[in-house]
Amino acid sequence: MSDDPHPHSPADAGAETDRGGATEPRPEGDGPSRAGEGEGQPAATEAAPVADDAPVAEAVKVAEDVPAGAFGGFVAGTHLATADGPAAVESLSVGTVLVTAGGVRRPIRWIGQRTVSCHGRTDRQPVRIAAHAFGEGRPERDLLVSPGHGLCLDVLGEVLIPAARLVNGTTLARIALESVTYWHVELGGHDILLAEGQPAESCRDTGHRRLFTAAGEGHVSPSEAAIRLAATGACRPIHEEGVMIEVLRTRLADRARSLGWHLSEASLAGLHLVADGRTIQPDVNGLVVRFVLPTEARDVRLVSDASIAAHVLPGSTDERQLGVAVAELSIDDGLTGLRRIALDDPRLETGFHPLDGQGGDDNGARWRWTDGGAVLPAALWEGCRGTVVFLRITLSCPPLPRWIGPREAAGVVDLAGFRRPQ
């Protein structure tokens with residue numbers, strides 16, 4: 001199936017800071033836990049020095065050079081199972097004994113943290129796994145991890161799936177934070193921990209430890225040997241695409257419905273204008289809408305609900321946030337004549353995706369998706385006479401369906417103000 005949500009389309013802040021505190025003991029030889037193994041004992045520790053924070057400008061420069069996958073780990077506030085019961089990851093230290101998903105006790109060999117900017121970097125945004133997303137108590141409460149962090153799931157045997165591969169806009173979603181603190185927790189070998197009751201991998205050293213110990217020292221790119229070791233040293237098979245992912249996404253959708261999520265197909269996705277803080281509703285005729293807009297309006301936005309095709313259309317990989325698909329746009333004051341606005345007009349910028357369609361099919365169809373909050377600059381009706389202008393918009397197709405949560409509409413929650421439940 002095509003990735004494109006349109007029926008005719010061919011295709012689809014802050015500075016880096018380090019909080020220190022990372023320590024590493026002498027090497028130990030314990031490997032991944034297996035059923036029946038004995039209790040691990042904390043190893044002797046030898047603290048590594050922690051450098052002072054780097055200047056802001058230098059830290060930002062380092063951040064841009066570092067791949068998002070380097071910041072793997074658990075978000076601050078995550079509770080891991082320890083020999084003394086669940087404990088927040090930020091309270092742990094080298095030697096703390098964790099309890100693996102297999103019930104084996106193993107000490108932490110290395111731990112560090114890093115606060116990273118997510119501003120303009122969706123690939124660094126944490127993934128929230130909602131409570132009970134994979135079944136009762138899995139996880140027991142909302143769990144936040146880095147996008148590449150592996151979740152241990154049973155699909156004809158246990159496998160590891162990066163959290164970002166299962167984002168579905170319902171029970172797994174990216175959280176739009178300005179910054180986030182990730183904790184990197186290593187054992188003597190790769191294993192499965194219990195994070196908020198959900199089996200998830202421990203971290204592995206792929207050459208990026210220094211990111212979690214000292215800002216401004218640069219980063220250590222993993223060598224080919226380190227990457228191969230990380231891949232072959234995984235305690236479970238890792239899957240990032242293919243049938244396994246589709247099976248899990250189907251299971252998650254079914255589970256989300258059982259938790260009260262459902263798809264809504266509102267005809268125009270709540271399309272309206274907001275002009276200088278005032279809401280203006282449209283006159284509607286099928287896929288054609290008309291707004292009566294005061295000529296003195298200056299701050300005007302075309303607002304609608306939005307959805308992500310990859311979350312609602314089977315087989316799609318289009319991760320854009322899509323509002324409505326504008327096929328025609330015109331303005332008329334009834335006196336100076338009709339003004340047709342080209343879809344690629346350079347004044348249409350903020351809140352608009354690039355032009356879609358080839359213009360070479362039987363209908364010469366082209367359209368432009370909004371992201372749910374497109375800005376219509378006042379320059380579009382500059383020179384119009386009278387007190388009002390008529391803004392006419394023809395949509396190319398109905399908006400995408402969107403997921404509605406059991407308590408509140410998807411897309412309405414202020415994720416920037418997200419707070420972990422206590």
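Once segment 304-337 is narrowed to residues that are at pLDDT 90 or above and of a type in the set (S, T, N, Q), the residue that is nearest to H353 (Cα to Cα) is Q321. Might you let me know whether segment 240-256 holds any residue that is among the basic types (K, R) and modelled with pLDDT under 80? The answer is no, given that none of the residues of segment 240-256 is among the basic types (K, R) and modelled with pLDDT under 80. The set of residues in segment 131-158 being aliphatic (A, V, I, L, M) and over 21 Å from A87 (Cβ atoms) consists of A133, L153, V155, L156. For segment 106-128, the candidate set comprises residues that are outside any helix (DSSP H, G or I) and within 11 Å of the chain's Cα centre (by Cα); within that set, the residue that is surrounded by the fewest Cβ atoms within 10 Å (Cβ to Cβ) is R121.
Each residue in segment 131-145 was checked for being closer than 20 Å to T181 by Cα and surrounded by fewer than 20 Cβ atoms within 10 Å (Cβ to Cβ), and 1 pass.
Residues that are touching a Pro at 6+ places or on another chain (Cβ under 8 Å) and more than 14 Å from V326 (Cα to Cα) were ranked within segment 250-272; the one that is surrounded by the most Cβ atoms within 10 Å (Cβ to Cβ) is W261.
Of the residues making up segment 150-160, those that are aliphatic (A, V, I, L, M), at negative phi and either surrounded by fewer than 20 Cβ atoms within 10 Å (Cβ to Cβ) or over 19 Å from the mean Cα position of the chain (by Cα) (or both) are L153, V155, V159. Tallying residues that are more than 30 Å from E246 (Cα to Cα) and part of a strand (DSSP E or B) within segment 280-336 yields 22.
The values are calculated or read from the model by the stated rules, or taken from the named source; none is laboratory data. Every value quoted in this text rests on a predicted model; they were computed, and no experiment measured them. Heads up, the Cβs are rebuilt from the backbone with ideal geometry, glycines too, and the neighbour counts pull from every protein chain shown.
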